[in-house]
Amino acid sequence: MVQTREGMAVAEEDVDAYPPPGIDMRRPSVARVYDYYLEGTASWQIDRKFGDKVLAEFPMLRPIAKANRVFLHRVVRNLIKAGVTQFIDIGAGLPTMQHAHQVADDLAPGKTSVVYVDYEPVAVSHSQGLLEEHGDPRRHAAVHGDLRAPDRLWKQVADTGILDLDKPVAILLIAVLHVQQPASARSGDSGDVGPASVARYRELAPRGSYLAISHITDEGVPSHYDKQLVKLKEMYDSNSSPVIWRKQAEIEALFGDFELISPGLAWTTEWHPEDASPTEPEIAFASPNESLILGGVGRKP
């Protein structure tokens, strides 16, 4: 057992519970398919084939994905203006449509630090390649880690020497928690461990830190999405990785006692549109709820 800074006793991470994955070419990768939606170049044939099937059923998913990436950019810009200089991007995916450090450096050159974390080996490799070409090894790093193992992941981030984890950080969980986070079979647990993992990240974060989350919901979306969302879940559950849609109250609960900053939990297109960049794509929806994804940022008091 280990003691949290809030005085809670929790089970120590089982270092063998979540072994590093290999690259399975028999199944499409969530990260690479998402890169395909964003019109990146890191997907493989199996990913594009699955992505085309999804887009045939739900063509709006491509602008939805792009709106979510623009939300990430707005979050980074907004937090930099609030004085944040340290970012941990968990489930960072592939470096398409600009990574967080590029957005940060555009606004505050040389003044911010970013550590990317992903479970997908190809995503980590691409991020490392991008950082070698366009990053600064004193301020940027990419590590292979597992969201489901918060204490071990936190140590991996600390071991990079990039961030001072005794000072406030921004934890980015962008479009990752709606990918089902099952417990390891070896752990003896079952079910979605995403909320428990997020709760541990909230404990680990120093006071004054921020938590940014974006998440697909099936609540309050246009009625013509209803059948499409059912079909979309069936396709991901059977071909790629299982997914989970949460209600607004469930997404808000992921922030725990963190104080949501204005405008609270909002559709991605409505979260601080003033922080958009003229270089980013214009994404037009008939109504904000067509963006399908709710996003928000909370601050640890």
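Computed quantities for the displayed model
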quantity: Burial order of peptide ranges 173-182, 84-93 (average beta-carbon count within 10 Å, highest first); calculated: 84-93, 173-182
quantity: Share antiparallel - DSSP beta bridges, the chain, percent rounded to 5; calculated: 45 percent
quantity: Reciprocal of mean inverse Cα separation for the stretch 24-142 (Kirkwood radius, Å); calculated: 14.9 Å
quantity: Extension gain, residue 253 back to residue 134 (0.36 nm per residue minus Cα-Cα distance, nm); calculated: 39.2 nm
quantity: Nearby lysines by direct alpha-carbon distance to residue 247 (threshold 19 angstrom, same-chain neighbours under 8 apart not counted); calculated: 227, 231, 233
quantity: Bins of 5 Å from zero: percent of alpha-carbon pairs in the stretch 128-210; calculated: 3, 13, 20, 23, 18, 13, 8, 2, 0
quantity: Flagged links, alpha-carbon separation over 32 Å, of 49/111; 53/81; 81/155; 111/155; calculated: 49/111; 53/81
quantity: With every protein chain in place, the chain: carbon and sulfur % of accessible area (1.4 Å); calculated: 51 percent
quantity: Residue among 221, 143, 230 with the largest mean-square fluctuation in a Gaussian network model of the chain, springs linking Cα atoms under 10 Å; calculated: 230
quantity: At least 27 Å along the helix axis (C-alpha) and Kyte average at least -0.5, DSSP helices within the chain; calculated: 61-81
quantity: Label-point separation, residue 39 to residue 262 (7 Å along Cα→Cβ), nm; calculated: 3.4 nm
quantity: Solvent-accessible heavy-atom area per residue, rounded to whole Å², over the chain at 1.4 Å; calculated: 44 Å²
quantity: Two-decimal ratio, the stretch 193-269, of alpha-carbon radius of gyration to 2.2 N^0.38 Å; calculated: 1.28
quantity: Three-way shape label, the stretch 157-301, alpha-carbon gyration tensor, a/c 1.5; calculated: oblate
quantity: Ellipsoid semi-axes in whole angstrom, largest first, where each is sqrt(5λ) of the Cα gyration tensor of the stretch 198-239; calculated: 33, 14, 6
quantity: Overall Cα dimensions of the chain, principal axis frame, Å, largest first; calculated: 48, 46, 40
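The values are calculated or read from the model by the stated rules, or taken from the named source; none is laboratory data. In this text the structure is predicted, and so the values were computed from the model without any measurement. Heads up, the Cβs are rebuilt from the backbone with ideal geometry, glycines too, and the neighbour counts pull from every protein chain shown. In case anyone asks, the SASA skips ligands and DNA or RNA and just uses the protein heavy atoms, side chains included. Shrake-Rupley method; radii C 1.70, N 1.55, O 1.52, S 1.80 Å.
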